[in-house]
Structures are given as structure tokens and as C-alpha cells.
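Colleague: Shown below is the structure under consideration.
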Amino acid sequence: MRKVPLIESLAVIGRGSLDWIAGRPLVVSFEVTDACTCYCKHCDHGGPRDESKNLRPTDYRRYMDALRPCVVQVSGGEPLMRPDLVEIVRNIQCGAGLPYTILVSNWSLMTEERYLELRAAGIDQFSVSLDFPDERHDAFRRHPGLYRHLSEIVPRAAALGHDDIVLNSCITSENVGEINAIADKAREWGVNLCYSAYSARRTGCRDFLLNSPEQLALLNRELDKVEARRDATNWIVNSPSTLDATRRYFEHASAPGCKAGQRFLVVTADGALQPCSMQFRRYPLEQRSRMVEEFTRHNGCDECYVSIRSYLDKSFSRLLWENVSGFFSLQSR
Ligand SMILES: C[S@@+](CC[C@H](N)C(=O)[O-])C[C@H]1O[C@@H](n2cnc3c(N)ncnc32)[C@H](O)[C@@H]1O
Ligand code: SF4
Ligand code: SF4
């Protein structure tokens, strides 16, 4: 995984330190649309939605000025459905490499031209969802032809040499046996890899959790193999401590200690603040501290261990260390 240049690393780490001290969110996820090109089995999005109340690109500047996160996720629904996505990304940028910006997308609408435009606008990392290393991906996402499209566009974009593409694989009971086959695919396509964990909170469906000792044993065997495949290029983007926490999450079907609303939050497509993408209490931008008081201080929800949590459920020193040695340039490989 490409490391962020030194000056930009210092800017991101400096901003993150100030956010931590001030109790501001380090990561903000902008869900720029609720509409989607897929109808995934594990998700509550899917298909067209009312887009008439979506924030406009220039509105994002106001949110950045107020929230000042060091990391931004641009997500959805499917963010590439927004024809003005490049404008949105430009409005999120604050200069000096801030914020570190991740586009979370299924890539059904990605082209080489769009990839380059989005990079130029300020995307630092492209997170591409992949649930299976073959056409089973189409069936899970209910989008015929998606895997074939990915198998063309992902290696082509990777061959441009920017080392900023990460396959994002959400582990479920359906694909737990494919964890290393997905890693093989990442290697074949010349990209990096990040694992995430299914939560039943979105849909209420518990079938995709790991419900048997056999499934948990398979998870542990697959993740042991993943650990043995790490090398100095940081192509397995999750830290070992995050993969350990993922094992514990599946074993106990819970992950306590969530800081949603404070360390991270979601901005919905129409501009409300939410603690996370699976808690639907909405607050205006000006009432973030009320969200922390009413939600975060009393939050007992432990129902997910998705990426945004796995970055942040750690002490500040651990967080800094893992990111300094992972994404940022303050330490040699
Ligand atoms: C909600 S999607 C939005 C961005 C884009 N549409 C995509 O699929 O990448 C972001 C990520 O959430 C994951 N996801 C969806 N439903 C989930 C669930 N129930 N538990 C955990 N992750 C989930 C997806 O696999 C995807 O990687
Ligand atoms: S996971 Fe992403 S692609 Fe699938 S339905 Fe949800 S938002 Fe759409
Ligand atoms: S554990 Fe936290 S991030 Fe996950 S669904 Fe619950 S409140 Fe949201």
C-alpha cells in the first residue's frame, strides 16, 4: 500500500491529534447518496432512492469546516452514481494533503478516466468491495456482470502504478472459506486487501454471522494463513490487532466499547449527522455535542466491527503507531 508522503503524514497526524484532544471525530463518513447499483444480500441499501434532497458539492465545505476530521470516507449507497462526485471530493479537500480521503465503492460504474479524475481531485485510497473471487460475487450483490467488470477494470487501474487500490472483503458465513482465495485475487490483480466483518444490525439477518464452531474454526484457520502472508509492502491493510479483534467479534457475536458519534460519525446524503450507518438518530450539524451526550455517552450497542470502528476502538498511542507504520511515512518499511 502506498505510503503518504512525509509532509502530508505530519499534517494528517497533527490534525488527528488535535481532533482527539478536542473530542472531535477523527473519521467522518459522507454517505453521498442512498441509491445503489446493487441489491446485496447483506445490506439495507439497494436500487434507486429519492435523491432530490442530496447535499450539493459546495455544501460539503461547511461540514468540513465544522467537523475538521483527519480522515474522510466517501461512501453510500453507491457514490459513483453521483455524476458530480469529483466536485464533491474537491470540496472536501482542505489543502496540505488533508483529509486522508477514502472512496468506498462497488466499482460497478468505475472507468479508468474516472479513477484518474478522482485521484486528481483528492482520493488517497480506493476501497473496492469484493465478496467472492469469482461470479458468486454477482449473485451475492445481485448485479450480473459485476465480477467480469471488476476483473477488467481493477487490474487495469492497478497497472497505472499508483498503489492506492484496496479490495474490501466483508467476511460472512457465505465467504469465510474464501478468505485466502480473495487474497490470491488481490495479488493477481496487483492490489491491496482489507477484511471487514458482517453485522446483522443492517438487515436483522443473523444467517451471515458465523454461527457454528466449525465456521469459527474455519475463520481462524483462514486468518492464520493470512497472517503468514504479510510482507513489508503492507498489502494486507488490517493490522494484526484488528484481525484479532475481528476473530473475537465473530466468536462473541459482539464488540463492546463503541465510540460512534464521537470518534467517528456519518453525514447522511441529505446532511443529517448520525452516530454510524446503522444507528438512525439524526442531528443537525450544529448539534453534534447533543449527539455525543444523548447517544455516545450511553451507547450499549456492540453489534458490529466494521472498518470505521476497527480504525478507532484503540488507544491513541496504538492508533498512531499502527497508522504511522502502515499508511504514513514516519517510519521506513
Ligand atoms: C454500505 S457499502 C457502501 C459503498 C459501496 N456501495 C460498496 O458496497 O462498497 C460499504 C461497505 O459496507 C459493507 N457492508 C454492507 N452491508 C454490511 C453489513 N451488514 N455488515 C458489514 N458490512 C456491510 C459492504 O460490503 C461494503 O464493503
Ligand atoms: S453493500 Fe454497497 S453495493 Fe451493496 S447494496 Fe449496500 S450500498 Fe449497495
Ligand atoms: S457497534 Fe457502534 S458502529 Fe456498530 S452498529 Fe453499533 S453503534 Fe453503530
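The values are calculated or read from the model by the stated rules, or taken from the named source; none is laboratory data. Nothing here was measured: the structure is a model prediction, and the numbers come from that model. Glycine also receives a Cβ, built like all others from the backbone with ideal geometry; neighbour counts cover every protein chain displayed. Surface accessibility is based on the protein's heavy atoms, side chains included, excluding ligands, DNA and RNA. Shrake-Rupley method; radii C 1.70, N 1.55, O 1.52, S 1.80 Å.
Colleague: By average Cβ neighbour count within 10 Å, what is the ranking of 142-155, 24-37, 278-291 from highest down?
Modeller: 24-37, 142-155, 278-291
Colleague: Further question on the same structure: If you consider only alpha-carbon coordinates, what radius of gyration and Dmax does region 136-249 have, in Å?
Modeller: Expressed in Å, the Cα Rg and Dmax of region 136-249 come to 14.7, 43.
Colleague: Lysine pairs in the chain 8 or more apart or on different chains: how many have alpha carbons under 28 angstrom apart?
Modeller: Count of close lysine pairs: 11.
Colleague: Show me the three semi-axes of the equivalent ellipsoid for the chain, from the C-alpha gyration tensor (sqrt of 5 times each eigenvalue), largest first, rounded to whole Å. Display every interim value, and only then the final one.
Modeller: Details: eigenvalues 140, 106, 97 Å².
After diagonalising the Cα gyration tensor, the semi-axes are 26, 23, 22 Å.
Colleague: Additional query: Based on Cβ point charges of +1 for Lys and Arg and -1 for Asp and Glu, what charge dipole magnitude is obtained for the chain about its Cα centre, in debye rounded to the nearest 20?
Modeller: On the way: 42 positive and 43 negative charges, 163 e Å.
That gives a dipole near 780 debye.
Colleague: With a probe of 1.4 Å, find how much accessible area region 1-152 has per residue, and write the answer as a whole number in Å². Mind dumping the intermediate values first?
Modeller: Working: 5910 Å² over 152 residues.
Spelled out: the 1.4 Å probe surface of region 1-152, per residue, equals 39 Å².
Colleague: Could you list, bin by bin from short to long, the percent of Cα-Cα pairs of region 93-173 in 5 Å steps?
Modeller: 3, 14, 25, 23, 16, 11, 5, 2, 0
Colleague: Where Lys and Arg each count +1 and Asp and Glu each count -1, what net charge lies around Ser127 among other residues with Cβ under 13 Å from its Cβ? Let's see the in-between values first.
Modeller: Numbers: positive: none; negative: Glu78, Asp124, Asp164.
Taking every other residue near Ser127 into account, the sum is -3.
Colleague: Compute the distance from the alpha-carbon center of region 195-221 to that of region 140-174, in whole Å.
Modeller: Answer, in whole Å: 22.
Colleague: Ok, one more. Which percent of the accessible heavy-atom area of the chain goes to carbon and sulfur, probe 1.4 angstrom? Walk me through the intermediate numbers first.
Modeller: Values: 7060 of 13640 Å².
Carbon plus sulfur share of accessible area: 52 percent.
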